[in-house]
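The values are calculated or read from the model by the stated rules, or taken from the named source; none is laboratory data. The structure presented is a predicted model; accordingly, all values stated were derived computationally and were not measured. Heads up, the Cβs are rebuilt from the backbone with ideal geometry, glycines too, and the neighbour counts pull from every protein chain shown.
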Amino acid sequence: MSTVAQVKTAIASSLGAITGLRTYNRQPDQVNVPMAFPSLRSIEYHGAMGNGMVTHNYDITVIVGRAAERSAETLLDSYLSFGSGSVRWALESDRTLGGTVDTSIVESAGNIQTIDANDTTYLTVDFRFVAQVRG
């Protein structure tokens, strides 16, 4: 069974397929856009008989700069679409994340908002990501 740290590292690695997107396996101390990182939301144990499947639920946060609103939204739109360069494409091209999990899926995207950090305004979106690992 893969650990939470291994799954988060595999998520970041898969997202690395998106050209220009900086990826991290945890929330970094500094904002360096465009960037993405997973955060564990919950774990559900005993998905089947015995130890069964363990379901990992993550929020993957993508942050883009908002110096120019139009270019920020265009970049965010490309991450939200399906096709080369999107978050869904990067994660679902190999649903095992290189053999780290048994299966995974991007369930949804939402919570688009503006945030302020380091005296700068950014645009963010969260992707709901579910991975299942045998217990």
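Report whether or not L76 is under 18 Å from T114 (Cβ atoms) and either surrounded by fewer than 13 Cβ atoms within 10 Å (Cβ to Cβ) or modelled with pLDDT under 95 (or both). Taking the combined requirement at face value, the residue satisfies it.
Pairs meeting the criteria (first residue in the stretch 114-134 and without any contact (Cβ under 8 Å) to a residue 24 or more places away in the chain, second residue surrounded by 18 or more Cβ atoms within 10 Å (Cβ to Cβ), beta carbons under 8 Å, at least 6 apart or on different chains) are D116/Y122. Right, V64: in contact with a Leu (Cβ under 8 Å, 6 or more places away or on another chain) and surrounded by 14 or more Cβ atoms within 10 Å (Cβ to Cβ) or not? Yes; evaluated as a whole, the condition is true for this residue.
Within the set I60, I43, I18, the sole residue that is closer than 18 Å to L123 by Cβ and either under 11 Å from the mean Cα position of the chain (by Cα) or free of Cβ contacts under 8 Å to residues at least 60 places away in the same chain (or both) turns out to be I60.
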